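Notes follow once the structure below has been shown.
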Amino acid sequence: MSDIPIIWILGGPGCGKGTQCAKIVEKYGFTHLSSGDLLREEVASGSDKGRQLQEIMTSGGLVPNAEVLSLLNAAVTRTKGSSKGFLIDGYPREKNQGIEFEQKIAPADLALYFDCSEDTMLKRILARANAAEVKRADDNEETIRSRLQTFKRNTSAILELYAEKTLTINAERDVDDIFMEVVEVIDCVLQKKERAAKVC
């Protein structure tokens, strides 16, 4: 695994990380793994595990980390032979998840944190909710603010723990300006990997 870059993508709801992930995949051909998508796929598959996850999610509970990690591990294992790199989107959500990921799957080379003010994220989420055909019950200002507060608390602990491999990016700017900064840092990681491979 050591020759394939693993990049954690962190940022609150509405920070624009989905847009940046799509641009990274297009440029570098990396595999984009979103913990939320993997959970939804498992539920949609109708498997026993999927049914258990559905029950937890429907009751508003948090899916145990071991389950999320096992889905991520399976997805990484499935595609590592053909993948040029991995974008792990929306994970870790708290520092213990980061520690377990690095122990059980592989160390992350980089964490990209898309930093955005609470007000900007709130505006973007509400705009997205208004444009959506299906309205979600949790897309109201009070619920969103509480989600953002939880996110902020958990993320500051992750950023502290992984300070040496985290790049904080100002996500309030134009999409292309943000992407230029992302490209610079990913190119740097790839060059480091290449050098390390030659030394080995």
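The values are calculated or read from the model by the stated rules, or taken from the named source; none is laboratory data. Quick caveat: nothing in here was measured; it's all calculated off a predicted structure. Note: ideal-geometry Cβ built from the backbone for every residue, glycine included; neighbour counts use all protein chains shown. These area figures cover heavy atoms from the full protein model, side chains too; ligands, DNA and RNA do not enter into them. Shrake-Rupley method; radii C 1.70, N 1.55, O 1.52, S 1.80 Å.
Using the beta-carbon distance between MET180 and ASP48 and R0 = 41 Å, what value does 1/(1 + (r/R0)^6) give for FRET efficiency, to the nearest 0.05?
Efficiency computed from Cβ-Cβ geometry: 0.35.
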Can you give me the C-alpha center-to-center distance between region 161-200 and region 13-75, rounded to a whole angstrom?
23
Quickly estimate the mean residue ellipticity at 222 nm for the chain, helices only: each DSSP H run with n ≥ 4 gives -39500 (n - 2.57), and the total goes over all residues, rounded to 500.
-19500 deg cm²/dmol
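Local charge sum around CYS15 (other residues, Cβ-Cβ under 13 Å, Lys/Arg +1, Asp/Glu -1)?
+2
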Setting aside same-chain residues fewer than 8 positions from LYS95, which lysines have a Cα under 21 Å from its Cα?
LYS17, LYS104, LYS152, LYS165
Using just the alpha carbons, could you tell me how many Å³ per residue the convex hull of the chain encloses?
134
When we measure straight from the Cα of LYS193, which aspartates and glutamates land under 15 angstrom away, once same-chain ones fewer than 8 places off are left out?
ASP3, ASP109, GLU184
Å² per residue, accessible surface of the chain at 1.4 Å
56
If I compute solvent accessible area with a 1.4 Å probe over the protein chains, what percent of it on region 6-195 is carbon and sulfur?
50
